[in-house]
Amino acid sequence: MNPGSKQILRSDGLPIPPYLSQGWFDTHGISDVDLVLANLRSESCVMRPARLRAIKATPLSFARSLVKRMIAEKWRIERRLIDIDRDGVGKLIYRIFAAGRDFTFVVFSRRSDGTEHPGRIFESNFDLLAALFEGDVDDSRIEHEQQQLDGRLWQGRTDNSCLGWTLANRSVRFFNHIVEHLTQGRQPDKEFLKSGGGYIIRNAGWYGNGRFGSRSWKALGPRHPFSYPYHLDIFPLYLWRTVGFDIVETMARLRNPGAAAVLSAHTKAWMGIGNSSGIGMVAALVRWPAWMSAYNFPRELALAIILSQRGPVDTGAAESLCRLLRRAIDYYAEQPDSLIKGVERASVIKSGLEQVAMNAERMLGELSVGRSPKFGYWRAVTDFADMLGTVELSEQVNALLIQAHPEISDAMLDLFQQAMKVERTLDPTMDVAELRSIIARRYRWALEIDQLASGARKYFWYRSEENGENRRGERVIDPGEERESFVDVVGSIHALSADLARQNSNVAVAEFLLRHPEMSHAVSRVQLAAGFPYTEIRGNIIDANFLPMDGIRFLLSTMGLESSHPNSNQWVRGTFLQGAPLPEAIKQGIGDDWALPSLETQHS
Amino acid sequence: MHVSYGELVRVVPDAIRMLGFTYSQADDSAEAVIWTECVLSAGYELLNNASVSNEPFRKAPIILDDDGGKVVVSVDRPLFAYAARIADLAISRAAAAGISLIRVIGEAGANVTPYIAYRVSRAGYGIAVISTASQEYRAHEGRTLVVAYPGGRIVHMARGQSIPCDALSEALPKSYSNEIKRACTDDGFAGVGTDGEILIITVAKQHIRDLPIGARSLCRLEQRIDVVAQLQNAVIEGLEVPSERHAILTGLAAKIRVENFDRSRTQAG
């Protein structure tokens, strides 16, 4: 089998992407390629919404790979100015030095009205606004940016020196609690902190990549510190976390000079940055099937490589897995249970992890006396987890398995960059017969969905006049259906299939599309799916029973969200960068093993 | 005003949808519009020339005549919305026959022909596009010749003049004599005889040396556009555009947003 060929299919029709070559396997010392490919999980397993919902952050997630890079390159984040009053109102300036370039982060901290702002895009009342510039900026530029960003929110303009704007809000309950305790010279109450999401500041969005005139991400060269996909989007989250610490500590000091406390390093490291996301994330997942494939394939390949390992078990990795399982148990012990139907309770996952850990430790002990599971140690661990019957547990164990093999996850980062470069294309020379054949092979799941069934076409996605916020309306009730955003993959495949059925087999795609230009997206998706795996969510997005949180949680985990707590089935809150090393550690190049922290327990 | 490339990528498809095109067509033609703005500073103009339609679907192009190598396509305005589809038809026909000739009638929209040439050349084909604007746009666009070699890097362009008919006659197979006649105007240069017509000659790589898109013809072309450099510059530096033009674009795009109603805010989460 030659995995470099676009035409390679597994027996179940799973294609191997063309960027994965035999040379890649050779470079990474993987000899049993057939076994690895056979161990890739099927799309009917991975791409089901209920499975996607359960997938957890791994070292491949963008937040993790960003912090890894920051540590490796010893980025320096230095506060140049903090000019705020006792209420936290004022300005902060940070300078960032990364891989030979420098950046400036300017924060405008507004007076809080003491209420929780959800951070919805239609709002204008945000507690914190900031701009990230490449290079240094002078006072006049800062003043100009303040006028545009703070003074003309949603209407202002910036320019090419600005990488983007970002907004955030205080998590008022926890923000005030921490300020009050520090002012009194005390640390915040741990039980109280654990009852929330583990953050002071909640992200309300990053507006870069051309928005408001900011620089396009594509303009950054390959050696730029933010050239890796989504690192520029995630970095402001890290900065907000730092800003939050600086503001609460400074407010406490101004309120009680000489006696105020600073947050302990352990509490700081435990805290992350809050995030809320709605249904727009599902539209984004559907819009870019090549990226959907990129989000999934490297993770699945990493898992397949690990599960294909034969011969003596790497006991170092096995010990690492056992250590990570114990850490995850402590982490889930501090997570609140979700009350949303379909989300597994943290306490159930914790209980499962305990059983998996005990089993993994027992097998590790047996390895030391020369006994090893018949189908391999790693397979025995995942089979045991699967047997316990909770999907989230299985996916958490899979994520830890990848984390226990840093050499494999590192190898995936390069592959991931290649995967993200795949663009929408269209082969006009393909004939209708081949297109039909691909649909039959790759989209049978979609054709099997009955579009006439009750509720099958209940919803449509749209953007609201309120700053374009993504929303979901009901076709029979709400206005705006004629302007719906594209999420109806199933409907488009049905329509394409019906149109193709009326064509002669030898007609070229170009000619078909000349007559049916409205089908070009569907054709492009189908052609992509011929060569790339994991491109589509295997569900009917517009069905009454589709849960948007499934897609939201998946994309957030891909971004690096460690814990997510759906507020409803279409709105997900969670925390990024919990446990991430502080700037002092990053500039020393230490602290890479940080995920899944515990407030009560300090893990080595 | 300063506009970012990423901003255009985000806004233009919405604007095109609000001109009455489908989601698929909007993405296809957004590439043509953005390319034309980045390379020729004429993308906004393409949109401004297109009228707003309340019809959910525009008419698809119609193939009026087809003998395999030669195709006549009638296109409803505006042409930019079908540029990708016509370019792909040219590619597919040239892939099958080595050379293809497509005559597009309807609205010439010469400003989008460089994009057609680029798209075809990016796919590995040589292409010559000869167009004469319709009477409506004659003063502005006139007669245009665009030539591109395989690779999608350089587009050669001339306006108001064209290659000598002799060059076409010498280079094209005899079976194309009627088309050559049609493409040649009284002054002995190749344009397209009829207003609002485009002639697209697409050639597979192996046949290029025999055809008119050779150096002899190109030496008369007045403009050599380094597409890669122009696109790269637009991506890196952004674009400077009149603010009133950008306001029209964003105003059009904003129409895709649905008015607020009672339940609306609860439908985000």
Residue that is nearest to the chain's Cα centre (by Cα), among those in segment A:261-276 that are among the aliphatic types (A, V, I, L, M) and buried (at least 17 other Cβ atoms within 10 Å of the Cβ): A:273
Lone qualifier among A:158, A:104 - being among the hydroxyl-bearing types (Ser, Thr, Tyr), within 21 Å of residue A:273 (Cβ to Cβ) and in contact with an Asp or Glu (Cβ under 8 Å, 6 or more places away or on another chain): A:104
Residue in segment A:283-292 that is of a type in the set (Val, Ile, Thr), in a helix (DSSP H, G or I) and under 21 Å from residue A:164 (Cβ atoms) present: no
Filtered residues of segment A:149-169 (kept if of a type outside the set (A, V, I, L, M, F, W, C) and without any contact (Cβ under 8 Å) to a residue 60 or more places away in the chain): A:150, A:151, A:152, A:155, A:156, A:157, A:158, A:159, A:160, A:161, A:169
Of all residues making up segment A:147-175, the number that are more than 30 Å from residue A:187 (Cα to Cα) and either within 13 Å of chain B (Cβ to nearest Cβ) or in contact with a Lys or Arg (Cβ under 8 Å, 6 or more places away or on another chain) (or both): 14
Answer from B:84, B:108, B:96 - the residue that is in contact with a helix residue (DSSP H, G or I) (Cβ under 9 Å, 6 or more places away or on another chain), in a helix (DSSP H, G or I) and either within 14 Å of another protein chain (Cβ to nearest Cβ) or modelled with pLDDT under 80 (or both): B:84
Listing of helices (runs of 4 or more DSSP H) fully contained in segment A:452-538 that carry 1 or more residues being more than 8 Å from chain B (Cβ to nearest Cβ) and among the aromatic types (Phe, Trp, Tyr): A:509-515
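Per-residue answers, yes or no, for (1) polar (S, T, N, Q); (2) closer than 30 Å to residue A:36 by Cα:
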{"residue": "A:259", "(1), (2)": "no, no"}
{"residue": "A:273", "(1), (2)": "no, no"}
{"residue": "A:277", "(1), (2)": "yes, no"}
{"residue": "A:285", "(1), (2)": "no, yes"}
{"residue": "A:288", "(1), (2)": "no, yes"}
{"residue": "A:296", "(1), (2)": "yes, yes"}
{"residue": "A:303", "(1), (2)": "no, yes"}
{"residue": "A:306", "(1), (2)": "no, yes"}
{"residue": "A:343", "(1), (2)": "no, no"}
Residue selected from segment A:456-492 under the condition β-branched (Val, Ile, Thr) and within 14 Å of residue A:287 (Cα to Cα), by the criterion farthest from the chain's Cα centre (by Cα): A:490
Test: residue A:282 is β-branched (Val, Ile, Thr), over 17 Å from residue A:56 (Cβ atoms) and surrounded by fewer than 24 Cβ atoms within 10 Å (Cβ to Cβ): no
Single unsatisfied condition, residue A:141 versus (1) over 27 Å from residue A:99 (Cβ atoms); (2) in a helix (DSSP H, G or I): (1)
Residue match in segment B:7-18 (condition: within 30 Å of residue B:258 (Cβ to Cβ), of a type in the set (A, V, I, L, M, F, W, C) and within 8 Å of chain A (Cβ to nearest Cβ)): yes
Residue match in segment B:47-55 (condition: away from every other protein chain (no Cβ under 12 Å) and closer than 24 Å to residue A:425 by Cα): yes
Counted residues, segment B:229-247 - those being under 22 Å from the mean Cα position of the chain (by Cα) and part of a helix (DSSP H, G or I): 9
Condition met for residue B:3 (hydrophobic (A, V, I, L, M, F, W, C) and either surrounded by fewer than 24 Cβ atoms within 10 Å (Cβ to Cβ) or at the interface with chain A (Cβ under 8 Å from one of its Cβ atoms) (or both)): yes
Residues located in segment A:550-577, provided they are under 21 Å from residue A:94 (Cα atoms) and either of a type outside the set (Phe, Trp, Tyr) or in contact with a His (Cβ under 7 Å, 6 or more places away or on another chain) (or both): A:577
Count of residues meeting criterion [farther than 22 Å from residue A:493 by Cα, free of Cβ contacts under 8 Å to residues at least 12 places away in the same chain and not hydrophobic (A, V, I, L, M, F, W, C)] in segment A:444-477: 1
Residues (at pLDDT below 75, touching a Lys or Arg at 6+ places or on another chain (Cβ under 8 Å) and of a type in the set (D, E, K, R)) located in segment B:180-206: B:182, B:195
Counted residues, segment A:191-236 - those being assigned to a helix (DSSP H, G or I), of a type in the set (Phe, Trp, Tyr) and more than 14 Å from chain B (Cβ to nearest Cβ): 2
Residues of segment A:104-122 that turn out to be over 24 Å from the mean Cα position of the chain (by Cα) and of a type outside the set (S, T, N, Q), as a count: 8
Checking residue B:252 against (1) modelled with pLDDT under 95; (2) within 7 Å of chain A (Cβ to nearest Cβ); (3) crowded, with 16+ Cβ neighbours inside 10 Å, the condition it does not meet: (2)
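Residue-wise test of (1) over 30 Å from residue A:74 (Cα atoms); (2) crowded, with 18+ Cβ neighbours inside 10 Å; (3) in contact with a Ser or Thr (Cβ under 9 Å, 6 or more places away or on another chain).
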residue: A:95; (1), (2), (3): no, no, yes
residue: A:104; (1), (2), (3): no, yes, no
residue: A:110; (1), (2), (3): yes, no, no
residue: A:126; (1), (2), (3): yes, yes, no
residue: A:130; (1), (2), (3): no, yes, yes
residue: A:137; (1), (2), (3): no, yes, yes
residue: A:143; (1), (2), (3): yes, no, no
residue: A:163; (1), (2), (3): no, yes, yes
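The values are calculated or read from the model by the stated rules, or taken from the named source; none is laboratory data. Given the structure is predicted, the values throughout are model-derived calculations rather than measurements. We place every Cβ from the backbone using ideal geometry, glycine too, and count neighbours over all the protein chains shown.
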